[in-house]
Amino acid sequence: MTVELLILLVVIVTALAFDFTNGFHDTANAMATSIATGALRPRVAVTLSAVLNLVGAFLSVAVAATVAEGIVRLGAVSGHDLLLIVYAGLVGGILWNLLTWLFGLPSSSSHALFGGLIGATLAALGWNGVVWVSAEGGVINKIVIPALLAPVVAGLVSTIGTWSVYRITRGADPDKVATGFRWGQVGSASLVSLAHGTNDAQKTMGVIFLALVAYGELSPDSTMPLWVMAACAFAIAAGTYLGGWRIIRTLGKKLVDIDSPQGLAAESASAAIILTSAHFGLPLSTTQTVTGAILGTGLGKGAEVRWGVMGRMVVAWLLTLPAAGIVGAFCWALAYYIGGLAGVLVVFTLLIALATVIYRRSLRDKVSSGNVNAPPGADPGPGGNSPAQQPRVAGSTSEEA
C-alpha cells in the first residue's frame, strides 16, 4: 500500500466523519419543531429523519458537483497538494461543527465545510486558487448570496404562512386544530429530512470526489461513484440517528415557543426552499433556512421572539466561514510543513484530541431525548431529565448527542 493511498484513505474517513457530524449537528433542522410541539416523540423523530436522510442522499448529485468543481481551482492544483487541501478543509469543518454543537448553536455545517476548504486553499494557493466567481457560479454566487437570502426568504414565507393559518382557523376548536396540525407536521418534517439528505449529504460526496480526482482515480468529468453516494448516505443517516439534542433544544424551545400550526408553516417553507436549491445545485445552509423559518413563525403569530438567542446564532453564522477557514489554513500548514504521511497523521491526532476534549466537556451538561423539551432555564431532574418530561418519555433512551 503506497503512502498516497494511505493519505487518500485517511481523507475519505475524515470526510465521512464530517458527514456524521453534519447528521447530528443538523438533525434539528428537520425535527426540532415536531419534537417541541409533541407531534413526534424525540427518538421516533430522529429515527424517521435518519431514514429519510438516507433516501434523500440518492436523489440528486447537483450540489455535489458544485462542491467538487466550484470552490478549488482544479487547474491550479492536483495530486498530493489537492489531497492536503481537502483534508485540512474537512478538519476545519469538523472542529467548528463540534464546537457549535457544544454550545447548542445551530450554525451551518455546510459553511463550516466551505470555510475550511476556502481557508486551506488560500493558504496553499493564494487568492487566485479559490473560484470566487465563474460562469457556473463560484463561491460568491452559489454560496455567499444564497446564505444571505435563504433565511430572509424562509422567514418571509413562514411569517405569511403562519399568519394565514391562524386567520383561517381562528374560529375552529383549538384542540382539533392542534391535533390536525401535528399530523401535518409529520409529513412536513419528513419532507425537510428528505431535503436535508438531498442537499447536505451531497457536500461530502463532492469532497470525496475531489479527493479521488487528486489521487487520479477519477477525472473532473467522471460520474459520481455509487459507493461514494452510499457511504455518505449511511454516514449522515447514522449521525442523524444520534440526535443532536443540544441544537434541537435551542431551535425547538429557546428561540420561539412553537405550536403545531407554526411548526407546519416553518417546515413547509424550509422544505420548499431547500429542495428548490438542491435542484439548481445551490449548496444551501439548511440550518439558516430552518432558523429563518422558525423566526418567521414567531413574527407571524405575534409571539415572543428571544432576540438574544437569535443574536448569538447570527454571530455564529458570521464567524463560521472565517473561523473554519482559519482552522483549515492552520491544519494545511501543519500537514504541509511536516510533510508526507506524518503531517497528515499529526493533524488527524490533533483532530481526535480536540474532539475528545469537546465531548468530555459536553458531559458536564447532558442533553438527551429525555430532557430536550425542558423549558429554557429549567432545572433537570436526576439523570438529566426534566421532572415534567419524565412521564412522557418513559422508556426512551438518554444518549448524549
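Under 18 Å from the mean Cα position of the chain (by Cα) and surrounded by fewer than 17 Cβ atoms within 10 Å (Cβ to Cβ), is that true of Leu156? Here the answer is no, as Leu156 does not meet what is asked.
Taking the criterion of being out of contact with any helix residue (DSSP H, G or I) (no Cβ under 7 Å at 6 or more places or on another chain) and either crowded, with 24+ Cβ neighbours inside 10 Å or of a type in the set (Gly, Ala, Ser) (or both), the residues of segment 98-135 that qualify are Gly126, Ser134, Ala135.
Scan segment 123-180 residue by residue and report those that are of a type in the set (A, V, I, L, M, F, W, C), within 21 Å of Asn199 (Cβ to Cβ) and not in a helix (DSSP H, G or I). Within segment 123-180, just Val131 meets the criteria.
Can you find even one residue in segment 141-151 that is in contact (Cβ under 8 Å) with a residue 12 or more places away in the chain, under 26 Å from Val314 (Cα atoms), open to solvent by 60 Å² or more (accessible area, probe 1.4 Å) and more than 19 Å from the chain's Cα centre (by Cα)? Within segment 141-151 (the criterion being in contact (Cβ under 8 Å) with a residue 12 or more places away in the chain, under 26 Å from Val314 (Cα atoms), open to solvent by 60 Å² or more (accessible area, probe 1.4 Å) and more than 19 Å from the chain's Cα centre (by Cα)), the answer is no, since none of the residues qualifies. Does at least one position in segment 275-293 carry a residue that is within 17 Å of Leu90 (Cβ to Cβ) and open to solvent by less than 30 Å² (accessible area, probe 1.4 Å)? Yes - at least one qualifying residue is present in segment 275-293.
Among the residues of segment 37-49, those identified as surrounded by 24 or more Cβ atoms within 10 Å (Cβ to Cβ) and either within 17 Å of the chain's Cα centre (by Cα) or farther than 13 Å from Gly243 by Cα (or both) are Ala39, Ala45, Val46, Ser49.
Of note, Trp245 does not satisfy the criterion of being out of contact with any strand residue (DSSP E or B) (no Cβ under 8 Å at 6 or more places or on another chain), at pLDDT 80 or above, over 28 Å from Val144 (Cβ atoms) and surrounded by fewer than 23 Cβ atoms within 10 Å (Cβ to Cβ).
The set of residues in segment 215-230 that are buried (at least 19 other Cβ atoms within 10 Å of the Cβ) and in contact with an Asp or Glu (Cβ under 8 Å, 6 or more places away or on another chain) contains only Tyr215.
With respect to Ser49, is the statement that it is out of contact with any His (no Cβ under 9 Å at 6 or more places or on another chain), among the small types (Gly, Ala, Ser) and outside any loop (DSSP other than H, G, I, E, B) true?
Spelling it out, it is not the case that Ser49 is out of contact with any His (no Cβ under 9 Å at 6 or more places or on another chain), among the small types (Gly, Ala, Ser) and outside any loop (DSSP other than H, G, I, E, B).
The one condition from (1) assigned to a helix (DSSP H, G or I); (2) farther than 29 Å from Arg312 by Cβ; (3) of a type outside the set (Val, Ile, Thr); (4) open to solvent by 50 Å² or more (accessible area, probe 1.4 Å) that Ala64 does not meet is (4).
Taking each residue of segment 343-372 that is basic (Lys, Arg) and looking for partners that are surrounded by 15 or more Cβ atoms within 10 Å (Cβ to Cβ) with beta-carbon atoms closer than 7 Å, six or more apart or interchain, yields Arg361/Leu102; Lys366/Gly384; Lys366/Glu400. Residues that are outside any helix (DSSP H, G or I), touching a residue at least 24 places away in the same chain (Cβ under 8 Å) and farther than 15 Å from Ala237 by Cα do not occur anywhere in segment 7-29.
Please list, ordered by residue number, the helices (runs of 4 or more DSSP H) wholly in segment 284-401 having 1 or more residues that are closer than 23 Å to Arg41 by Cα and modelled with pLDDT under 85.
286-301
Residues of segment 318-332 that are open to solvent by less than 70 Å² (accessible area, probe 1.4 Å) and either in contact with a helix residue (DSSP H, G or I) (Cβ under 6 Å, 6 or more places away or on another chain) or under 13 Å from Leu99 (Cα atoms) (or both): Thr320, Leu321, Ala323, Ala324, Gly325, Val327, Gly328, Ala329, Cys331, Trp332. Do we have Gly263 as open to solvent by less than 10 Å² (accessible area, probe 1.4 Å), in contact with a Pro (Cβ under 9 Å, 6 or more places away or on another chain) and either part of a helix (DSSP H, G or I) or not basic (Lys, Arg) (or both) here? Answer is no for this residue. What are the residues in segment 50-59 that are open to solvent by 30 Å² or more (accessible area, probe 1.4 Å) and within 23 Å of Leu212 (Cβ to Cβ), if any? Hits for segment 50-59 are Leu54, Phe58, Leu59.
The values are calculated or read from the model by the stated rules, or taken from the named source; none is laboratory data. Just so it is clear, the structure is predicted and the values come from calculations on it, not from any experiment. So basically every Cβ, Gly included, is an ideal-geometry build from the backbone, and we count neighbours across all protein chains shown. Protein only, heavy atoms only, side chains kept; ligands, DNA and RNA dropped before computing areas. Shrake-Rupley method; radii C 1.70, N 1.55, O 1.52, S 1.80 Å.
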